[in-house]
Structure formats: structure tokens, C-alpha cells
There are 2 protein chains.
Amino acid sequence: MKTSVKDEIRASGKRMTRTRQAVLGVLESTKYPLSPLELYACLQKQNVAIDPVTVYRNLNALKTIGLVRRIKLHHDDQFRYEMKEGRAHHHHIRCRICGKIEDLLLCPLKKLTSMIERETRFLVGDHSLEFSGWCPKCQ
Amino acid sequence: MKTSVKDEIRASGKRMTRTRQAVLGVLESTKYPLSPLELYACLQKQNVAIDPVTVYRNLNALKTIGLVRRIKLHHDDQFRYEMKEGRAHHHHIRCRICGKIEDLLLCPLKKLTSMIERETRFLVGDHSLEFSGWCPKCQ
DNA sequence: TCACTTATTGCAAGTAGATTGCGATTAGCA
DNA sequence: TGCTAATCGCAATCTACTTGCAATAAGTGA
């Protein structure tokens, strides 16, 4: 884990605890967004003693600081979390069979925003875009 | 309610009941996707005697037949339902303040699909796209 | 029109994911 | 080392939704 992460946590008045470090460790080493309970299962495999509630609370805290991003995928009834740092604006594709999630690095929507603002008179703040389909293994 | 709707229900071996008719009535007269409990509240205002469970079951049944579409918006922890009929593929924009939801009729993503398939080797089945921001009243 | 079959309903209870209350623990600083 | 408040674990609670079951009623076929 990078020193800067610990610094950011301290800077916000929060503490770097054993459990928080473990949660961050899993998030940093996982390439796709994790649900709280998936993360909890990961920690159990690593023999980290932790309560599921603590995982929830840590994810919330890290989201509040801004270290972690919370997302909700379309055919998925739980929230997922991913590290923000070093990850630009991106979207996801998810396999309908095995649930595998991958990043999409392109975003074709920036140009579209002003058109939508004209049409709807909404002021656009953000967008979410997600594809689903079948991953190479499940086709 | 259109006769064809009743026919489709009968054709699938289901029955047109008082409650199902009421659920369909609300869906047909609402221009944005409703959550089961919003729909239930609507029916209560209309003095329709119905149990929330029945709303859930009817929405599920109508989804199974294919009359109704179930969607999940990004910062929303419940499912929403809208009539399928007469409504082409479209996306939504949602106000962060008041929750107002409007349809977006454009979809810029059809061209993108083959590019994503090449990049990820996924086979793309569907996508979801949603904007959030501030509606005219809340700006 | 009536009787029969079975989809549908209402009520109660159960799930899953997430949140909250509270007393015990511990990080981080003086 | 000792203090203070953030954090933790456990139990209880909450919300959205589902399931079980006995009672009801839609639609058919005589």
C-alpha cells in the first residue's frame, strides 16, 4: 500500500487500523469492483479476523474520504467498491453467466452531454454506462 | 387499457384480475419508471385495496410475460418498472435532488458495441446508460 | 347458468444486503 | 505511559423483496 493512502486517511482525521489496512489491501489487489461481502470472504480466506459490519463501515469511510468509489451495476442487487486512485473515468462490462466484470477504458459520452442538456434542460452531473453480455469463457 | 394487453395476458395462461388491471392502469398512465412501493402508494391514493406483495407478484408476472421492463438506476436501491409496449430502446436521466426521472430517446451506443466486442472479446448482449444531474426546477 | 380447476390473493414469516446502538478496544498523540 | 476519540465486534434493526399457505375468484366447459 502506498504511503500516500495512509497520509490521506490521517489527513481526514481517520486512523489506519489493522482491519482498514486489510480492506485496502484487498481493494488494491483486485482488478474489478468488489461487493462488501465478497471482500469479507476474501479476508476470511486470508485468515484476517474481521466482522462483516466492519467491512461495510470501512468501505463507507473510504468512500467518504474519496479513496474509494461506490458503484451499482445493472443486474446486480448489491453495491460494489473499487479504488479511485490511478483509475480514470471508466465503465464496466459484466458477464451474464459467471458475473465476471471488466473495465472499459473508453467513454464515448462526453460529447453527448451538452446535447442532452439542451434537450432535457437538466444540468448533467454524471453518467453511468454499463454493458452486459457473455465473457470469452461463457460464450 | 388496450385489448391487446388483456389478450397477451390470457395467451400466456394468466388471468386479468381486478388488481392486475389496477397495476397496469398505473403503469400505463405514468411516464417514468415506478418502483413497486411507489406503485403501491399510487393505488392506495386511488382507494384500490391491494397488498404490497401482490404488487410485487404482478410486476414479476408482467415482466415474465414481457409486457413490462424492469430496470435499475444507478444511485437507487430499488428496482423500477415501466411498460414495454410502444416504447423503443431508451435511457433515463434522473434529478439528484427531487428524484425526477425522464426518458432520453437517443441512444448513441449502437455503433460502439462492435468496438467493445473486439476489445474485450465479450459478446455484448445489452447495455444500460443513465445520466444524473439537476432538473430545471432544482437547479 | 353452474360447477370445477387452478391462477391469484392476502397475511405472516423469511431472506439478503446494509445500517445503527452500544459497550469494549485501540490508534495516535501529548 | 496515559488519555481521548476513532474504531471494533456483536446484536438488533431496517428496507426491499420473496416464499408458504390457506382462502378467493377468473375463466372454461358442461
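The table below lists the values:
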{"item": "Average partner coverage of A:129-139, which counts Cβ from other chains inside 10 Å", "result": "6"}
{"item": "Segment A:88-139, accessible surface, carbon-and-sulfur percent (1.4 angstrom probe)", "result": "52"}
{"item": "Antiparallel DSSP beta bridges within the protein assembly as shown, as percent of all bridges there, nearest 5", "result": "80"}
{"item": "Among beta bridges that DSSP assigns inside segment B:88-139, antiparallel share in %, nearest 5", "result": "50"}
{"item": "Axis-nearest residue in chain B [Cβ, rotation onto A], distance in whole Å", "result": "B:LEU129, 2"}
{"item": "10 Å Cβ neighbours from other chains, averaged over peptide A:74-86", "result": "2"}
{"item": "Using alpha-carbon coordinates, inclination of helix B:52-65 to the longest axis of chain B, degrees", "result": "60"}
{"item": "Overall form of chain A per C-alpha gyration tensor (a/c, 1.5; a/b vs b/c)", "result": "oblate"}
{"item": "Percent antiparallel among DSSP beta bridges (both partners in chain A, rounded to 5)", "result": "70"}
{"item": "Label distances, nm, A:GLU8 versus same residue in remaining copies, Cβ-directed 7 Å point", "result": "4.7"}
{"item": "Alpha carbon centroid spacing (whole Å) that separates segment A:101-116 from segment B:61-90", "result": "23"}
{"item": "Residue-count net charge about A:ASN58 - beta-carbon cut-off 10 Å; Lys, Arg +1, Asp, Glu -1", "result": "+4"}
{"item": "Nm distances between copies for A:ARG69, ranked from closest, using label points 7 Å along Cα→Cβ", "result": "2.5"}
{"item": "Contact surface B-A: accessible area buried, both sides summed, square angstrom, 1.4 angstrom probe", "result": "3500"}
{"item": "Pseudo-label separations to other copies for B:GLY99 - Cα-to-Cβ vector, 7 Å, nm", "result": "2.9"}
{"item": "Tilt relative to chain B, helix B:36-45 - C-alpha long axis, 0 to 90 degrees, to 10", "result": "40"}
{"item": "Check: segment A:1-86 dipole with +1 on Lys, Arg Cβ and -1 on Asp, Glu Cβ, in debye", "result": "280"}
{"item": "Cα-based helix-to-principal-axis angle, B:18-29 vs chain B, degrees rounded to 10", "result": "40"}
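The values are calculated or read from the model by the stated rules, or taken from the named source; none is laboratory data. Keep in mind that this is a model prediction, so the values were computed, not measured. Cβ coordinates were reconstructed from backbone atoms using ideal geometry, including for glycine residues, and neighbour counts include every protein chain displayed. Areas reflect the complete protein model, heavy atoms only, side chains present, ligands, DNA and RNA absent. Shrake-Rupley method; radii C 1.70, N 1.55, O 1.52, S 1.80 Å.
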